[in-house]
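Peer 1: Once you've had a glance at the structure underneath, I'll fire off some questions.
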Amino acid sequence: MRGRIEQRACRIPVVVAAELTLAWHVVLFALAELVGGLSASWFPDLGSALVNVGAAAATLAFAASMGWWRDAALGWPRPNRSWWYCLPVVAVTVSYATPGLTGPTNAFISTAVTMLAVGVAEESLSRGINQHVLASLGATRAAVWVGVLFGLGHALSGLWFERPWDDTVAQVISTTAYGFGLAALRWHLGTIWPLVVLHASDNLVQLRSPGAAPLWWQAAVALFFVGYGWWLIRRLPRRPADPVPSDDDSR
């Protein structure tokens, strides 16, 4: 099984990444049907938290079973100067928090814990496993496909949970750009864990802000992540000995 998956990943990486994305969503939706409706006064998001903890556990277990833990950036290397590249992403998150955050303390804690689980689940799949599978395409194309699959995954969620189509389209566009930017950042960091924190924080402040950011600002943020991701990829090392795939590797 492991050898077959790895062989297919070498030959048709985009197809394998798409299959893994679909399988991940099947697990997510199955868990949502089982426990998604659970809630408690002390933890309003109990069901959502359990769903995403389950999806994260399944993803990490799969990576471990494939022997991809290090290749999928699931290790924790010592922080280095590349972590400064996280600061512009932090600035975007802070911009969403400027109107203030709302809700009682228990709801805020509940959302924070749930979004941390979401961050682990989604980053371990997208910037972890999928980015490893797609790495043979070269840094740029791999990051593009990571973003595209990340965005399409949100389209699946929108359809499954019957969200309004216009909200779903907007979310697909924004998450595609966001996914591309984080994929480019992951090449520099060599680990997904700072991205987990960034992802969880971004979700938290948007969910706990008093209202959605203006459409023009959401569009500006999407353009920022495309531009920042491109800039980050241009700054990647090009030496053959480097572990980060250069775009020349795909030619």
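The values are calculated or read from the model by the stated rules, or taken from the named source; none is laboratory data. Everything numeric here is computed off the predicted structure, so don't read it as measured data. Cβ placement follows ideal geometry from the backbone for every residue including glycine, while neighbour counts extend to all protein chains displayed. Please note that ligands, DNA and RNA were not included when accessible areas were found on the heavy atoms of the full protein model with its side chains. Shrake-Rupley method; radii C 1.70, N 1.55, O 1.52, S 1.80 Å.
Peer 1: Which one of the conditions (1) open to solvent by less than 30 Å² (accessible area, probe 1.4 Å); (2) within 13 Å of residue 85 (Cβ to Cβ) does residue 200 fail to meet, given that it meets all the rest?
Peer 2: The one condition residue 200 does not meet is (2).
Peer 1: Right, another one. Which condition number in (1) modelled with pLDDT of 95 or more; (2) open to solvent by 20 Å² or more (accessible area, probe 1.4 Å); (3) not in a helix (DSSP H, G or I) is the one that residue 223 fails?
Peer 2: It fails just one condition, (3).
Peer 1: For the range 150-161, which positions are open to solvent by 20 Å² or more (accessible area, probe 1.4 Å) and in a helix (DSSP H, G or I)?
Peer 2: 152, 154, 155, 156, 159, 160
Peer 1: Further, regarding this structure: Could you please let me know if residue 136 is touching a residue at least 60 places away in the same chain (Cβ under 8 Å), in a helix (DSSP H, G or I) and under 26 Å from residue 2 (Cβ atoms)?
Peer 2: Against the criterion (touching a residue at least 60 places away in the same chain (Cβ under 8 Å), in a helix (DSSP H, G or I) and under 26 Å from residue 2 (Cβ atoms)), residue 136 qualifies.
Peer 1: Separate question: Just one of 147, 54 is of a type outside the set (D, E, K, R), under 13 Å from the mean Cα position of the chain (by Cα) and either in a helix (DSSP H, G or I) or buried (at least 17 other Cβ atoms within 10 Å of the Cβ) (or both); which is it?
Peer 2: Sole residue among the options that is of a type outside the set (D, E, K, R), under 13 Å from the mean Cα position of the chain (by Cα) and either in a helix (DSSP H, G or I) or buried (at least 17 other Cβ atoms within 10 Å of the Cβ) (or both): 147.
Peer 1: Here are 8, 78: which of them is out of contact with any Leu (no Cβ under 7 Å at 6 or more places or on another chain), surrounded by fewer than 18 Cβ atoms within 10 Å (Cβ to Cβ), of a type outside the set (Asp, Glu) and part of a helix (DSSP H, G or I)?
Peer 2: Criteria check complete, one pass: 8.
Peer 1: Given the structure, is residue 83 in contact (Cβ under 8 Å) with a residue 12 or more places away in the chain, crowded, with 22+ Cβ neighbours inside 10 Å and either assigned to a helix (DSSP H, G or I) or of a type in the set (Ser, Thr, Tyr) (or both)?
Peer 2: no
Peer 1: Something else now. May I ask you to say which residue of 173, 192 is closer than 23 Å to residue 232 by Cβ, open to solvent by 20 Å² or more (accessible area, probe 1.4 Å) and among the aliphatic types (A, V, I, L, M)?
Peer 2: 173
Peer 1: Now, a different point. Filter the range 203-219 for residues that are more than 19 Å from residue 118 (Cα to Cα) and either within 18 Å of the chain's Cα centre (by Cα) or open to solvent by less than 30 Å² (accessible area, probe 1.4 Å) (or both) and give the result.
Peer 2: Matches in the range 203-219: 213, 218.
Peer 1: Pairs please, first residue from the range 20-47 and over 24 Å from residue 8 (Cβ atoms) and of a type in the set (A, V, I, L, M), second anywhere and open to solvent by 30 Å² or more (accessible area, probe 1.4 Å) and not in a helix (DSSP H, G or I), Cβ atoms under 6 Å, 6+ apart in sequence or on different chains.
Peer 2: Filtered contacts from the range 20-47: 46/38; 46/39.
Peer 1: Moving to a separate point now. Testing residue 118 on (1) closer than 25 Å to residue 65 by Cα; (2) modelled with pLDDT under 95, one condition comes back false. Which one is that?
Peer 2: With respect to (1) closer than 25 Å to residue 65 by Cα; (2) modelled with pLDDT under 95, residue 118 is out only on (2).
Peer 1: Identify all residues within the range 86-106 that are open to solvent by less than 80 Å² (accessible area, probe 1.4 Å) and under 19 Å from the mean Cα position of the chain (by Cα); write none if there are none.
Peer 2: 86, 88, 89, 90, 91, 92, 93, 96
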